[in-house]
Amino acid sequence: MFKKLVIPAVMISFTVASASAETVRWARAGDAITMDPHAQNEGPTHALNHQIYDSLLQRDMSGAIIPSLATDWSALPDNPKIWRFNLRKGVKFHNGASFDSEDVVFSLNRARADGSEMKELLSSIKEVRAVDSHVIDIETNGANPLLINNLTNMFMMDKDWSEDNDVTTPHDVAKGETNFATMNTNGTGAFMLVSRSVDEKTVLKANPNYWGKDNYPNQVTEIIYTPIQSSATRVAALLSGEVDIIQDVPVQDLGRVSSTDGLQLATAAQNRVIFLGLNTVEGPTSELKVRQAMNIAINRDSIKKVVMRGQSDPTGVIMPPFVNGWTKELNKYPAYDLDKAKALMAEAGYSSGFDIVLNCPNDRYINDEAICQAAVGMMAQIGINVTLDAKPKAQHFPIAKGGDADFYMLGWGVPTFDSHYIFNYLVHTQTEDRGSWNPTGYSNADVDAMIVSLESETDLSARNDTIAKIWANVQDAQMYLPIHNQVLNWGMKSNIDFDVQPEDQPHFQFLKFN
Amino acid sequence: MKHPFLESDLYYNFKRTPIAVLSFFVFLIIVIMAIFADIIAPHTPFEPLTLNLLNGFTPPMQANEFTGTIFLMGTDDQGRDLFSTILFGLRISLFVGLMAVFLAMVIGVTLGLIAGFVGGVVDTVIMRFADIQITFPSILVAMLIYGVAKGLLPPDLRYEMSITVLIISIGLSEWVPFARTVRGSTLVEKEKEYVISARMLGLSYPQIMVRHILPNILSPVLVIATITFALAIITEATLSFLGVGVPTTKPSLGTLIRIGQDFLFSGEWWILLFPALTLLLLALSINLFGDWLRDMLNPKLK
């Protein structure tokens, strides 16, 4: 008799426990490259760090800028070169330390240090000063009306924790360095790192002292993040209920996911462009005509039709439509024209073609390797013999960035929603603090000067004119061959209420169950 | 006058074992198709110039919606004719398998002969090393060697060398069974009179090992070689399936299966099915033939 009573009681207590503890099992193709918040400027790395670290201000799930660790901000009326930020009070790091202006000054300086990949975003800053314990000033070289757009992925670290653990500067991923912050975290975010095994599994639990407890739904108590590179395995995991949300449903399986009971598909245009970069200094691709020939030898329509199954938006410029500076004219892509391409190759003296290696990631962008394979076939049509070298992104990015590649694939998301971000990373000459993702060798002093001038131009229409001029130069130089803008497809359980974010960054404090 | 082989027990038994005949001819047909792929295959899938992306995902024996071309076994995601790609892929699989077995055989037989004949410390060192290696699955050993070799090679050589590296890593992972068997047989043979008399005549060790012992222990080596051949082909397919083998632009059977696996849920079954069936037929026929050969040549191994 007693036994009979105990069993239902145990069962009830189990159901109660599972109702209050909501675990979300989250999967995508690739893992974060590091947990050091300033060492990599890369989507999946930021996406994971966003759960743990906060920035001064953030983008919500629709892409609009909302307060985070700063409650409000404005440029000083008497001096537009200075932005003043009021910081949120009572915020604690995961280790219990208080968050104050010292941490902000430290973090922003850390993000501007050598080895940081975030420094291009802060290149307009002259100095960061603490005014009092919860007020900071950022002084820029010239008045920069768009400074706040650059701060949405600029995570705040604890100064004392960083000093204690000797992580006052970010580690250089391309050089193979690591530091304590690569695997350990101390943020102010909604989730705390419980365990991490690279490329296998990362477990996060809700932060009990999270400052945003009343600001967001905060229904998720635990996140289990599993990178699954194989697309079939990833879909199988979703279909079998092994995971609750995947960020990259393979295009061939969209129908399957949307027609499965208990699953739903959320689709949105992504703020990310996919393109191929070329060496403009050495080898055959240093000839403009060769680059032009390659550009019109790419059949963007058939890539969309076959490789992407219609799930892409072909483009002629390396800029997604979300970005200030985008125009329909720039976006228009050149017609596929084999005869003209062959003629250009002959004019450049390469009528018999040449050999080149195409470096490509295989776990980063939607169908990245398949797009590269298609490009191999298309380049063969104009005599270019391409060897495809596809690798996981952790090995691909150092090659693509380091300038060792003559021909490589890259995707670029624009968190600032402004052209300057693209120019500063991809167009400016590669120098100490700018152009870190421009290994093409493209260097134009006039364009560099125009890019720098954007940071202090307050007249928005004059600024937009300069942006248009820089784009004209980029289009003429053709160091990049644009392919398309990505379309996002998140697959998740039907009981999850979660908007697709245009930067492909789920912020799990916003997730609701229905 | 009949050829002596046609009057041998081996041939007599072969004729009377339908499984042996069937597996032998299946294997023969596969090999001939691979060798004459240039003539038989309707397309040249390893030549990117001839590919049309719009042919991608065409089902078997149906006209493509854009180009109207019909393919016997359909096409893969890049518009490659699957039938032709399988034939050319078979070439890679067979070549890698054959060369890897040859390498494993040379290493294994040499070390086994030395261990068995010389004995003592040399024997202990070689055989303990073999014991250690055989505790690891051969696929793991192959992956380890493959990874190290790829890391050591300069980047511009990696692609040209990928097949060589594959052969070496599979070969080095499969030598142990050869060494063990050869050592055992050598231990038996070296006590026999003909070896002792060869020693008395003052022949050198290498001469005795290669000219006198080796011919007498070849039949078990042949059996192991057959079975290892099937294993090597499967190991190559596994490595390529895991994405560390041959480049995707020149797919072997394993690479094709990996590509096809991505399209299982979306209904493009033919990309996976045909290469997988081919691999199954190939491995099965070699194994069945190898089993029969083992029963015939060395009943003790049963």
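Values quoted throughout were computed directly from the atomic coordinates according to the rules given, and no laboratory measurement underlies them. Just so it is clear, the structure is predicted and the values come from calculations on it, not from any experiment. FYI the Cβ positions are ideal-geometry reconstructions off the backbone, even for glycines, and counts take in every protein chain you see.
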Could you compute the FRET efficiency for B:LEU10 and A:ALA236, with r as their C-beta to C-beta distance and R0 at 56 Å, rounded to 0.05?
0.70
Cα-based convex hull, segment B:198-302, per residue volume (Å³, whole number):
132 Å³
Tally Lys/Arg at +1 and Asp/Glu at -1 over every other residue whose Cβ is under 14 Å from the Cβ of A:VAL105; what's the total?
-4
Using only Cα atoms and rounding to the nearest 10 degrees, what angle (0 to 90) does helix A:445-454 make with the longest principal axis of chain A?
30 degrees
Those helices of chain B passing the 15 Å axial Cα length cut-off and the mean Kyte-Doolittle cut-off of 0.0 (DSSP H runs only) are B:18-35, B:82-118, B:120-135, B:138-152, B:158-173, B:176-189, B:218-241, B:270-297
Partner shielding of A:496-504, as the mean number of partner chain Cβ atoms within 10 Å, equals 0
Descending Cα extents along the principal axes, segment B:67-163, whole Å:
71, 30, 22
Expressed as a rounded percentage, what relative contact order does segment B:59-132 have, with Cα pairs under 8 Å and six or more residues apart?
13 percent
Overall Cα dimensions of the protein assembly as shown - principal axes, largest extent first, Å:
112, 86, 59
Around B:PHE263, under 12 Å between beta carbons, what's the net of Lys plus Arg minus Asp minus Glu among the other residues?
-2
Length released on extending from A:PHE354 to A:ASP339, taking residue separation times 0.36 nm less the Cα-Cα span:
3.6 nm
Please compute the contact order of segment A:184-303 in relative form: average sequence separation of alpha-carbon pairs under 8 Å and at least six residues apart, divided by the residue count, as a percent.
12 percent
Whole-percent tail of the Cα-Cα distance distribution for segment A:316-446, cut at 22 Å, equals 49 percent
Out of the DSSP beta bridges found with both residues in the protein assembly as shown, what percent are antiparallel (nearest 5)?
75 percent
Given R₀ = 25 Å, FRET efficiency for A:GLU222-A:ALA269 by Cβ-Cβ distance, to 0.05?
0.20
Work out the mean other chain Cβ neighbour count within 10 Å for the residues of A:300-306 and drop it here as an integer.
4
Among A:TYR480, A:GLY325, B:LEU239, which residue has its Cα positioned farthest towards the positive end of the charge dipole of the protein assembly as shown, with +1 placed on the Cβ of Lys and Arg, -1 on the Cβ of Asp and Glu, and the dipole taken about the Cα centre?
B:LEU239
Where labels lie 7 Å past Cα in the beta-carbon direction, separation of A:ASN215 and A:SER453 in nm:
3.8 nm
For A:375-385, what's the mean count of beta carbons from other chains sitting within 10 Å of each residue's beta carbon?
4
With the dipole of segment B:1-145 worked out from charges on the C-beta (+1 for Lys and Arg, -1 for Asp and Glu) around the Cα centre, which of B:ILE92, B:PHE57, B:GLY112 lies farthest toward the positive end?
B:GLY112
To the nearest 20 debye, what is the magnitude of the charge dipole of the protein assembly as shown about its Cα centre, counting +1 on the Cβ of each Lys and Arg and -1 on the Cβ of each Asp and Glu?
2880 debye
For segment A:72-223, size of Cβ-based charge dipole, Lys and Arg +1, Asp and Glu -1, in debye:
360 debye
Based on the mean of other Cβ atoms within 10 Å per residue, sort peptides B:74-84, A:230-240 so the most packed one is first.
B:74-84, A:230-240
Can you tell me the order of B:7-13, A:291-297, A:130-136, B:61-67 when each peptide is scored by its average per-residue count of other Cβ atoms within 10 angstrom, highest first?
A:291-297, A:130-136, B:61-67, B:7-13
C-alpha long axis of helix A:288-297 to longest principal axis of chain A, angle in °
60 degrees
Sequence of A:THR226, B:THR50 once ranked by neighbouring C-beta atoms within 10 Å, starting from the fewest:
B:THR50, A:THR226
Longest principal axis of chain A (C-alpha) makes with the long axis of helix A:43-52 (C-alpha) an angle, in degrees to the nearest 10, of 20 degrees
Share of antiparallel DSSP beta bridges in segment A:256-415, in percent to the nearest 5?
45 percent
Based on the alpha carbon coordinates of segment A:156-234, what radius of gyration and maximum Cα-Cα distance (Dmax) apply, in Å?
15.3, 45
Restricting to Cα pairs under 8 Å and 6 or more apart, the percent relative contact order of chain B works out to 22 percent
Ranked output for segments A:273-284, A:24-35, A:503-514, A:336-347 by mean other Cβ atoms within 10 Å, highest leading, reads A:24-35, A:273-284, A:503-514, A:336-347
Here the tail fraction of P(r) beyond 33 Å, over all Cα-Cα pairs of chain B, rounds in percent to 36 percent
The simple spin-label model distance between B:VAL125 and B:ILE196, using points 7 Å out along Cα→Cβ, in nm, is 3.0 nm
Below 21 Å Cα-Cα, how many Lys pairs turn up in segment A:210-363? Only count pairs eight or more apart in sequence, or on different chains, if you could.
7
Dipole moment magnitude, nearest 20 debye, segment A:326-429 about Cα centre, only Lys, Arg, Asp, Glu C-beta charged
200 debye
